[in-house]
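Below is one structure, written out as structure tokens; comments come after it.
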Amino acid sequence: MKKIESALILCGSPKRKQSASFELGSYLARRLEAAGIKAIVRSCAPRDTLLADVTAADLLVLSFPLYADGIPARLKEALMQIVAGQPGPKYCAALVQCGFLESAQNDTAIEMCRLFARDAGFVWLGGLGRGAGGMLSAKPLEQSPPPMRATREALDLAAELLSRGEPFTAEIKQVFRVPPLPRWLYAGASEIGFLLQLIRNGKLLSLFRKPYRSDTAR
Amino acid sequence: MQTLILNGCSLSDEFAQSALSLVTASLGEGGDPPQVINLEGLRIADCNGCFGCWTRTPGECVIHDDAPAVTAKLAFADRIVFFCPVVFGGFDPVLKRVIERSISLLLPYMRVYHGELHHPPRYNREYELCGIGILGRPDPEGAACFRERLRRLSLNYNGRRFSAGTLVRGETVDADRIRAIIDVREEL
């Protein structure tokens, strides 16, 4: 495999630049740039220039939110296009974050990314999964509060390894995945966030609404 | 027991449709015939991640296409069968999109379920999930991932048991082969 000189970070969030996944990828890109690697961050859609962008990169990093326990459908379609397009040998890695506290809930999606890399003929360097995605935002990670320090440090180390084409270590995976909050606090904060949105939308009393009936569903 | 089959395979895929006939027959033995929803040709957009189905129109997706009608059927199914090609060890994008658009079946807050945070069901129902995936070639890694995929989804859909198995395109499939998949109900 040739030395890594260019990287493409492919973001799978439908919110594109307004997403935490895009910012995680952008932070990694900034660190890769600091290591002398030309890095581009883009959404997985539209896909008209996707194959050309992937072909031009030595390293492909997938950054996406866990959707229904897996890779978002729109990103999966992009990955199928990449496999079919046979863009040549590359290194591949993934950053996955989920709204649950437990990082382990990302593990199946990371395995799917590994299988994508296998099918595409890429060298798999590993996946980093992070829980408590509700704490992440689209704001620059450099400006995020102290609880995000571990995330930044893990990505700093990840960029170093990726720039040399080396796989993620167990230590980095652990630093990235450590839940920064007790479960009760994270679940409570998440609940308050949704309740505030319901209040703002005048829908608090509709929280438990059941719009479908069994007789109309058959 | 109301069984719903979501068919993510192409209707022109002879191997898949032949296997689906066996699945339908096996699931219908001695009970209500399962309902099959063919996803091919339905107009279903990507989930846009807005959480509007939790905070703006609770219980209903804000996108008006064919997905809400499928979600309405999912809400009251006792057993849901996901039948589709296996892509990278998971569902194909057509079926995956339907699942993503159905999170209105869950409530926004989280509770501890099987030792992890998960969303409780909106309709206070237990779902039994079954996945039958079609592999393009023998792929033990893809098959193992597909099984784990079903277990994970069951955890998030208030499941109690699940079953999952794969067929390899071109293999001989009969009723016994199908029953070997759907009758093995693993506890979560």
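Numbers at a glance
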item: Cα-projected label distance for A:Asn201 with A:Lys139, points at 7 Å along beta-carbon direction, nm; result: 2.4 nm
item: From phi via Karplus (6.51, -1.76, 1.60), per-residue ³J(HN,Hα) for region B:171-184 in Hz, x at Gly/Pro; result: 6, 7, 10, 10, 4, 5, 5, 5, 5, 4, 8, 6, 7, 7
item: Value of relative contact order over region B:3-187, rounded to a whole percent, pairs C-alpha under 8 Å and six or more apart; result: 22 percent
item: Total charge dipole magnitude, region A:6-180, about the Cα centre, Cβ charges on Lys, Arg, Asp, Glu only, Debye to nearest 20; result: 340 debye
item: Phi to ³J(HN,Hα) by Karplus 6.51 cos²θ - 1.76 cosθ + 1.60 over region B:117-124, Hz, x for Gly, Pro; result: 6, 9, 7, x, x, 5, 9, 6
item: Share antiparallel - DSSP beta bridges, region A:6-180, percent rounded to 5; result: 5 percent
item: Neighbour-limited loop hits for GluC sites (Glu not before Pro), region B:1-88 (at most 14 other Cβ within 10 Å; DSSP other than H, G, I, E, B); result: B:Glu29, B:Glu40
item: Relative exposure of A:Thr55, B:Thr166, judged by other C-beta atoms within 10 Å (fewest first); result: A:Thr55, B:Thr166
item: Anisotropy class of the protein assembly as shown from Cα gyration tensor, a/c 1.5 cut; result: oblate
item: Percent of Cα-Cα distances greater than 16 Å, calculated over region A:123-174; result: 43 percent
item: For the protein assembly as shown, size of Cβ-based charge dipole, Lys and Arg +1, Asp and Glu -1, in debye; result: 1180 debye
item: Anisotropy class of region A:72-218 from Cα gyration tensor, a/c 1.5 cut; result: oblate
item: Between region B:144-188 and region A:157-172, the Cα center-to-center distance that results, in Å; result: 36 Å
item: Rounded to whole Hz, the Karplus (6.51, -1.76, 1.60) HN-Hα couplings of region A:133-148, x for glycine and proline; result: x, x, 7, 8, 8, 7, 6, x, 4, 4, 9, 7, x, x, x, 8
item: Built amide H within the under 5 Å cut-off of B:Asp92, gap 5+; result: B:Val87
item: Averaged over B:110-120, number of beta-carbon atoms from partner chains that fall within 10 Å; result: 4
item: Separation between Cα centres of region B:61-93 and region A:89-109, rounded to whole Å; result: 23 Å
item: Most to least packed among A:22-29, A:114-121, A:202-209, B:65-72 [average Cβ atoms within 10 Å]; result: A:22-29, A:114-121, B:65-72, A:202-209
item: Percent RCO, i.e. relative contact order, over region A:1-47, from Cα pairs under 8 Å lying at least 6 residues apart; result: 49 percent
item: Exceeding the 27 Å Cα-Cα cut-off - candidates A:Lys90/A:Lys139; A:Lys38/A:Lys76; A:Lys15/A:Lys203; result: A:Lys90/A:Lys139
item: Rule-of-thumb Rg ratio for chain B [Cα; 2.2 N^0.38 Å; N residues]; result: 0.99
item: Average beta-carbon neighbours from other chains, 10 Å sphere, peptide A:59-69; result: 4
item: Residue mean of other protein chain beta carbons inside 10 Å, B:42-53; result: 3
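Values quoted throughout were computed directly from the atomic coordinates according to the rules given, and no laboratory measurement underlies them. These numbers come from a predicted model, not from an experiment. When we count neighbours, we look across all protein chains shown, and the Cβ atoms used for this are built from the backbone with ideal geometry, even at glycine.
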